[in-house]
Every structure is written in C-alpha cells, then in structure tokens.
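*Asks:* I'd like to ask some things about the structure below.
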Amino acid sequence: RMEASCLELALEGERLCKTGDFKAGAAFFEAAVQVGTEDLKTLSAIYSQLGNAYFYLKEYSKALEYHKHDLTLARTIGDRIGEAKASGNLGNTLKILGQFDEAVVCCQRHLDISQEQGDKVGEARALYNIGNVYHAKGKHLSWNMAQDPGYLPQEVKETLQKASEYYERNLSLVKELGDRAAQGRAYGNLGNTQYLLGNFSEAIAFHKERLAIAKEFGDKAAERRAYSNLGNAHIFLGRFDISAEYYKKTLQVSRQLKDQAVEAQACYSLGNTYTLLQDYERAIEYHLKHLVIAQELGDRVGEGRACWSLGNAYVSLGSHEQALHFARKHLEISQEIGDQTGELTAQVNMAQLKAALGLGPGDEDVGMAHHYSGYEAQGARPKRLQRNSMDSLDLLKFPSEKVSKDVWPQRLNIRGEKKSPGRGLTSHRHSQEPASGQSRRGIGHGVFSDVLTLSCVLLPSQKINRTPSDEECFFDLLSKFQSNRMDDQRCPLEECPSEAAEAAATPVPALGERISQSSLMASPQTEEFFDLIASSQSRRLDDQRANVGNLPGLRITQNNLGHLRVEGDAQEPGDEFFNMLMKCQSSRIDDQRCAPPDSIPRGPTMPDEDFFSLIQRVQAKRMDEQRVDLASA
C-alpha cells in the first residue's frame, strides 16, 4: 500500500504540473519523496519532475538539488538515457544561475550520450540547449562589458557565433525529424543571434519564418515576439514606417493576450518610432498610454522613461510648459530610484526649458520645492544624500615614523609603566586601532598584552638590550600563554558513550607528558606517522564521496541493493576530466566577485533592450559616415 501511495502521489503531481499548477504539483512530488520507494526508475522520474517543477517556480537552488539527485541515481543504476536527460536539466538550471561554463559541460554531456545511444530527439534538444547557453552568455557579456555604440567586443562576437552554429545544427536535425514546433524555436533564436551580431537582414528572414510557424500553431505569444523582433530589426535598417506597422501588430496581439507589461512595451516602442518619424502628436499619444500602464503596474523606471520621452516630444512641438512639467517628474523619479544618469539629464533639460521660458533660477527652485514637497506627501522617498566617505579620514591621525620613535618611548618603558600623567596605556592603544570595527586581542589580557603589542611596534625602530635570562623568561611566559590558546583551538573528537566513559576513567596526562607521548607515537621519522596520515586522509576522501543511501525517498532493499553497487575496478579519471575540471573551476573565482550595479535600472514595462540604446547604436555608424577626412599637408 505504501508503494501504491508513492506512485499515486507522483502521478497526481505530474497531472497538476501538466495543468500549469507547479506549486501544487511540487507539493505532491515532495509527499511522494517522503513516502519513499524502492523502485529506482520511479524515484529517478520523481526527481526529474520535481526539479522541473521548481525550475518553473524559479526556485533554482531546489531545482539544482533534485536534478543532481536524478543524475546521481541515473549513473548509479547505469541508465544512460536518464543520465543524459539529467545532465541537460542541470545545464539549463546552471544557465539561469549564470554559471555558463558548467552549463556547457553538462549540455555537452547530454549531447555525447544522446549521440552514443542514437537518440536523435535527445541530440536535437542538446544542440538547442548548448546554443541557448552560448546565447545567454553572449547577452550577459554584452550587458556587462563597457563598449562603444555600434561596437561588439570580440569575445561577445565569438560567443554569439557559437550559439548560431549550434542553432543551425539543431534546425537541420529537427527538419530531418519533421518537428515544426522545434523549427519555429530554432528560427526565432537564429534571428535573435543574428540581430545581436548586427546582421539585420538575416535576422528579418529568420523572424519571418518564426512568424509563419507561430501562426501555423496559433501560438500568440510567439507571434507577438516575432512582430516585436521584426520591428526592432527594421529600425536598424532605417525603415521606421515598417517598424511602426510591426509594433502596431505587437500591440494588438498583446491586448489579445491581456499582458499589460508587454502592451506598455509596445506603446513605448511606437512612441519612439513616431518620434523618429517626426509625428510628435502620435508619439505623445502612445507615450501617455505607456505612462498610464506603468503607473498602474507601479513601474517607476518605466514611468520615469515615459516622462523623459514626453518631455522630448513636447519640446519638439514647442510646448515648453508641458515639457517642463514632465522634466520635473522625470527628475523626481530618477532621484527616487537612484538613476544618476536620468537625474543629470533631467536637470540639464529643466535648465534649458527655464531659460527658454525666461524664468530665473530662483523661480525654478521655488517651483521645484513646492512640487517636490507634494510629491513626498504622496509616499515618494526623498533624495538620498551621498557623502564622500574620504571626508572622515582626517579624524584618524596615525603616527608617523618620527612619532613612533620619539613620542612612544617617552610614554612607557618596557614594563609598561606610565610616564605621562593623564593618559592611560590602554586608552592610548585604542586610539591607534584602525577603524575597521573589529576588536583585537593580545596574547594575554590587561597591561601585559599592551606591553607585548607596543614592544612589537618598537622593535623595528629601536633596539632593546636584553640579557639572556630576560629572553628566556619572556619566551617561557609566551609559551605558557600560547599553549592555552592552542588547546582552545583544537577540535574535540567525537566519541561514543562507551569510549567517553573509558576516557573519563583514564587520568589525563600533563601537557609535557602529552607532548612527549605524541612525539613518540607519531614521530615524522616513524612509519606510524605515515600510517596515521594515510588513515586520516582516506576517511576525508570517503566523506567527500556521494552516498546513494542519502538520496531522499530511497528505500534500500535486497531487490535494489545489487543495482546500487558498482561492479568492477574503479577507473582513474583521465586528462579529459581534469581539463574539464580546470575549465569549470577557472570561472568560479569570477562568480564570487560582486557585480557592479546596473547603470540604468530596468522595469517590467521597458523592453529588454532600451529603444534609445538601439538609436544610439544606429546613429553612431551614421555619424562616422558623415565625418570629413582632413587633407594631409
């Protein structure tokens, strides 16, 4: 009955996931794991489904955990197809987490096993996944690298070219298999990579193929993406009127899907396209629609960008009062969200508009103060004041080398006696602590620790004559204090109750006896010493090995025990394994670095690639074409 209950829970979880209720499905899968099963294939399927459910719930750490369990179990029972699928799922999860090199290794493993097993469907999926990883890595690099408009760094270009190659291999294979839906996905991604590479005509051709297949299947979401991508590509070719038509279709499909965020993105793109077409009345119409949706969704970034666009459009129409109103709103929002570039732009725009309206700086300040106070009353956060952290460095006066030599010996002698009235030794020491927020302790406590600390500082600048007896006393005292601290830092060994009782009955030897006994028992010159190291290290290696007994939901019985044992001699890893390991580990240091904050905040009503960055890249090339070469002398 317990076995049936596990299977029933898993089937119900699968049914819920198919209906799109991944949260309830994951709960049923977790319950199935709690019940447990001895059927290894069933448990592997539960791991895979549970990992996929958490992936769709965007709980990627849990997804990674269960896909690792699935991979471990598949390898243990020798299920090569299951190992390939688990590797692919791991690759997709690692891609989302930004661990692109590790993701490529997992997806390549999926591809190798699929080709080995003659699994064409799995091979096609693996090719698509590898292309996805390189595609995501290329976009990530292009966002994080400082680059000039219209210029693509070589590393980004090579990464995107690899993505395109794998997408083309995937397209060729799914054509052979007759999978039209997979062909549509391949066409769409090929169009996106060619677009990022700057091959806009090729991108348009691929996106038109994607659009046709999306209409064939009635996939409105894919149809909307194709229209939007076609509009973006035509912008770079200077065909603004065609772009406007595609954006209108994007807006129409977005309203059918009832997706307000995507609808706002389409309005934003249409507003900027009509600005390029110098049809400012229609541009204002669409920017106002974008502004209303951004306010409804609470998207302050999109709201600020809409105000910026509206201000520019009203300036083009000569309506400086309206432009000033939206410039003020843009400034307030930029200050609230910490957009320094937007704040600077709004300040420049406001200064120019006030000058055009004949208003002085004082009028601007009064208007801004009144408007800003009302804005704060609506719940907006005031501007965050920034202070230069270097201004406080003059509060800490560190003594120069001359002060260290001349002043300190006058204040204390080697025994720590005070020579200057009114200044205690401890207070003087604390005044010299670096402002790190961490307290430091000397070897002992009280005045002795201060003497040792300051004597160590004085040693490089002033020689102190000591007799041999003084030195012996000093080192004896130092050894006494340090021995206690070393004992405090030792890790106690875990003992069984019987061993603990036996140890309690045994008298504890003194420190000198312990040192002598340990030196006799495990001297570096004896074989026992090396045996001790070998046994210690072997236990540490065993602790790092994966234990299938720790897999959740696995009930080990006589029926599956034989499948969990790996027969044959253990194989030593080859050069290929170590090369792969070095490649993966080389990127882990970079993964631990703190990424700089985005220079421009992103909002849900803003497209992934801001429209103004598109125009900037286009105009950069046109400006180069308009330069005049000076005749050489």
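The values are calculated or read from the model by the stated rules, or taken from the named source; none is laboratory data. None of these values were measured; they are calculated from a predicted model. Note: ideal-geometry Cβ built from the backbone for every residue, glycine included; neighbour counts use all protein chains shown. SASA here: full protein model, heavy atoms, side chains in, ligands and nucleic acids out. Shrake-Rupley method; radii C 1.70, N 1.55, O 1.52, S 1.80 Å.
*Asks:* Check every one of the helices (runs of 4 or more DSSP H) wholly within the stretch 16-104 and list those with 2 or more residues that are charged (D, E, K, R) and over 23 Å from the mean Cα position of the chain (by Cα). First the steps, then the outcome.
*Replies:* On the way: elements: 22-35, 40-56, 60-77, 80-96.
So the answer is 22-35, 60-77, 80-96.
*Asks:* For the stretch 295-311, which residues satisfy the criterion of being touching a Phe, Trp or Tyr at 6+ places or on another chain (Cβ under 9 Å) and under 16 Å from Cys267 (Cβ atoms)? Spell out the reasoning first.
*Replies:* Initially, the stretch 295-311 is screened for residues touching a Phe, Trp or Tyr at 6+ places or on another chain (Cβ under 9 Å), giving 302, 305-311.
Those that are touching a Phe, Trp or Tyr at 6+ places or on another chain (Cβ under 9 Å) and under 16 Å from Cys267 (Cβ atoms): Gly302, Arg305, Ala306, Cys307, Trp308, Ser309, Leu310.
*Asks:* Among the candidates Lys157, Lys139, which residue alone is of a type in the set (Lys, Arg) and over 28 Å from Ala221 (Cα atoms)?
*Replies:* Values: Lys139 fails: over 28 Å from Ala221 (Cα atoms).
Residue meeting the stated conditions: Lys157.
*Asks:* When both residues are 6+ apart or on different chains and their Cβ atoms are under 9 Å apart, which pairs have a first residue that lies in the stretch 212-228 and is of a type in the set (Ser, Thr, Tyr), and a second that is part of a loop (DSSP other than H, G, I, E, B)?
*Replies:* Sorted first by the residue in the stretch 212-228, then by its partner, the pairs are Ser228/Pro607.
*Asks:* Could you list, in sequence order, the residues of the stretch 81-118 that are surrounded by fewer than 19 Cβ atoms within 10 Å (Cβ to Cβ) and over 22 Å from Lys137 (Cβ atoms)?
*Replies:* If the condition is that a residue be surrounded by fewer than 19 Cβ atoms within 10 Å (Cβ to Cβ) and over 22 Å from Lys137 (Cβ atoms), then Ile81, Gln115, Glu116, Gln117, Gly118 are the ones that fit.
*Asks:* Mind listing just one residue for me: the one in the stretch 16-38 that is charged (D, E, K, R) and surrounded by 17 or more Cβ atoms within 10 Å (Cβ to Cβ) and, of those, modelled with the highest pLDDT?
*Replies:* Step one: of the stretch 16-38, the residues charged (D, E, K, R) are 18, 21, 23, 30, 38.
Remaining after also requiring surrounded by 17 or more Cβ atoms within 10 Å (Cβ to Cβ): 30, 38.
On the way: Glu30: 93, Glu38: 85.
By that ranking, first place goes to Glu30.
*Asks:* Among the candidates Gly184, Gly188, Gly178, Gly238, which residue alone is at pLDDT below 95 and farther than 22 Å from Gly603 by Cα?
*Replies:* Details: Gly184 fails: at pLDDT below 95; Gly188 fails: at pLDDT below 95; Gly178 fails: at pLDDT below 95.
Residue meeting the stated conditions: Gly238.
*Asks:* Another one. For the stretch 263-302, which positions are under 29 Å from the mean Cα position of the chain (by Cα), open to solvent by less than 20 Å² (accessible area, probe 1.4 Å) and polar (S, T, N, Q)?
*Replies:* Ser269
*Asks:* For Gly13, indicate whether it is out of contact with any Lys or Arg (no Cβ under 8 Å at 6 or more places or on another chain), assigned to a loop (DSSP other than H, G, I, E, B) and either crowded, with 16+ Cβ neighbours inside 10 Å or without any contact (Cβ under 8 Å) to a residue 60 or more places away in the chain (or both). Let's see the steps before the verdict.
*Replies:* On the way: out of contact with any Lys or Arg (no Cβ under 8 Å at 6 or more places or on another chain): yes; assigned to a loop (DSSP other than H, G, I, E, B): no; either crowded, with 16+ Cβ neighbours inside 10 Å or without any contact (Cβ under 8 Å) to a residue 60 or more places away in the chain (or both): yes.
For Gly13, the condition - out of contact with any Lys or Arg (no Cβ under 8 Å at 6 or more places or on another chain), assigned to a loop (DSSP other than H, G, I, E, B) and either crowded, with 16+ Cβ neighbours inside 10 Å or without any contact (Cβ under 8 Å) to a residue 60 or more places away in the chain (or both) - is not met.
*Asks:* Can you tell me which residues in the stretch 113-130 are part of a helix (DSSP H, G or I) and free of Cβ contacts under 8 Å to residues at least 12 places away in the same chain? Walk me through it before giving the result.
*Replies:* From the stretch 113-130, those part of a helix (DSSP H, G or I) are 113-117, 120-130; that's our starting set.
Gln115, the sole residue that qualifies.
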